[in-house]
Structure formats: C-alpha cells, structure tokens
1. Rounded, prolate or oblate: pick one for the chain, where a ≥ b ≥ c are the square roots of the eigenvalues of its C-alpha gyration tensor, a/c under 1.5 means rounded, and failing that, prolate if a/b is larger than b/c, else oblate.
2. Please give the net charge around ALA144, taking every other residue with its beta carbon less than 9 angstrom from that of ALA144, where Lys and Arg add +1 and Asp and Glu add -1.
3. From the phi angles alone, apply the Karplus equation (6.51, -1.76, 1.60; θ = phi - 60°) to region 75-89 and give each ³J(HN,Hα) in whole Hz, x where the residue is Gly or Pro.
4. Net charge around TRP185, counting only other residues with Cβ within less than 13 Å of its Cβ (Lys, Arg = +1; Asp, Glu = -1)?
5. Going by the alpha-carbon gyration tensor, a ≥ b ≥ c the square roots of its eigenvalues, is region 9-98 rounded (a/c under 1.5) or, if a/c is not under 1.5, prolate (a/b greater than b/c) versus oblate?
6. Take the residue pairs LYS137/LYS237; LYS8/LYS46; LYS8/LYS237; LYS32/LYS128; LYS137/LYS159 and return only those whose Cα atoms are more than 28 Å apart.
7. Quick one: Cα centre-to-centre distance for region 174-202 and region 46-105, in angstrom?
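Bear in mind these aren't lab numbers, they're just calculated from the coordinates by the rules spelled out. Nothing here was measured: the structure is a model prediction, and the numbers come from that model. Every residue, glycine among them, receives a Cβ derived from its backbone with ideal geometry; neighbour counts consider all protein chains shown.
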Amino acid sequence: MAASTATKLTLVNNPVCPFGARAHIAAAEHLKEGDYEVRVASLSDKPQWFTDIYRKAIGSDQTSTGKVPVMQDGDTVLCESAIVAEYIDRKFAADEGSRLLSDDPLKRAEAQLFVEQFGSRVVGGFYKMLWAPAGEKRDAALAAYTETMKDLDEALRAKDARSGTAGPFFDGVRFGWVEVMLFPWLARRSALSVHRGWELPSGAGFERVNAWVAACTARPSVVANTTPGDYYAAQYKSYAEKGDAATA
C-alpha cells in the first residue's frame, strides 16, 4: 500500500515550468488531491519563503534564489525534478505494479535509457527554438526539433516491436517514467506554434509519436497540470523576444 504521513506532502511549483510539471504529474498519479498541497511561487519575483525552503533542500544550490520543483515531506526537503518525481513514485505508489519507474531491471533500464537518449533533444530543443536568432540558426533549430520527433516516432515503434505492444505509451498501455520526464515540454508546444510557427508533424513517419502525444494529453494527471488556451504562449513570450533580439 502507499505510504501515508500525518503531514501533507508539499510541492512548491509554478504552472509554467515543465520541470515542475514532472513532480506534479507524479504526485497526481499516486496521491489524491487532498493528500498533497501545491504552493505556487513566482519565478520572476521570487518570494523570500521560496528561497528559504529551496535552500533547505538536499543538494540545493546555495547561491540560487530558488528553482522549482521543491518538495517537502515532513522533515525531508528535496529539489531537482527527476529526484523529486522518483521519490514520490517510490514512496507513494500503491504497489510495485503502479510505479512510474518499474522495479523490473530491464524495464527500468529501458525507460532510463530512452530518457537519456531523448531528454536533451526534447528539452534543449524546445528552448533552442525560442532563443535562436532569426535566420539560419532558427531554421536549423526548427528542423532539428522536427527530426527529433521523427526519431522519437521510430524509437517508439522499435520499442513496440521489441515488447510486443502497440502503445500508446512507451510501455504499452502503462503511463510511466518516459511520459513524466519528456511530455511536459510537448504539453507546452503551443508556445512554439505561436512564436515560431512550429507544429508537431502529422502523416507518414509521425503516426506513432502523434498517438503518444494524444494519449499523454488525455491522461488525467497531465490534464490537471496543463493550462489550456494562450497561457504558454504568453508565458514564453519573453523567451521568444530574447531570440528575436539576438543577432546571428
């Protein structure tokens, strides 16, 4: 059974941040809404309470004024999105079968290797498109992200063939670690559409990745942690303006 504590788990987060979404999605997968609390901290004007709790976290950067997510579970305070998500997964999953990161050594390794393979491309490519100056560098960044989606499609197909599954998630019908670690950036792709004209490709060669995106988008834990409409476009406007002001 899932562990319980007398004190609610607390997440310090900001809805714009995809790193914070990793922890929030993990919590929503394993805990009822009333069993954890989310405190929203401004990232543009960081309050002192946020800096104070961040600097209490194990491994925190003592020169930083704060990064999300921060998790407090009783006397335990942690930072860094993957660490927080795994802590929540290990402690609060109802049983081994419901864990996001499997206890099976091979499944665990496959998920971690997949995130290692695509993490920097999905995460870094998102920001590179926004920050790249107009011209060849931006065109290259957009083309590279499209290529990442093509490679992601092929890798998901290869995993299906190897495991004898048909998706829609990395591990068949099981929503798991790969989705939590990678999808938050694609959940914010409306910012790329508005500011850079980039859309997730459809058609031949992209069917599997589109099915993966659709399944992730509909997952209740993701729905609860995704803001619809123009929110992300507005929040990432300053990132795009930085790129627009840059020179090639």
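1. Numbers: a/c = 2.00, a/b = 1.13, b/c = 1.77.
Judged from the Cα gyration tensor, the chain comes out oblate (a/c at least 1.5, b/c at or above a/b).
2. In short, +1.
3. Computed from phi, the couplings for region 75-89 are 8, 8, 10, 10, 10, 6, 4, 5, 5, 5, 4, 5, 4, 4, 4 Hz.
4. Counting the neighbours of TRP185, the net charge comes to +4.
5. prolate
6. LYS8/LYS237; LYS32/LYS128; LYS137/LYS159
7. 23 Å
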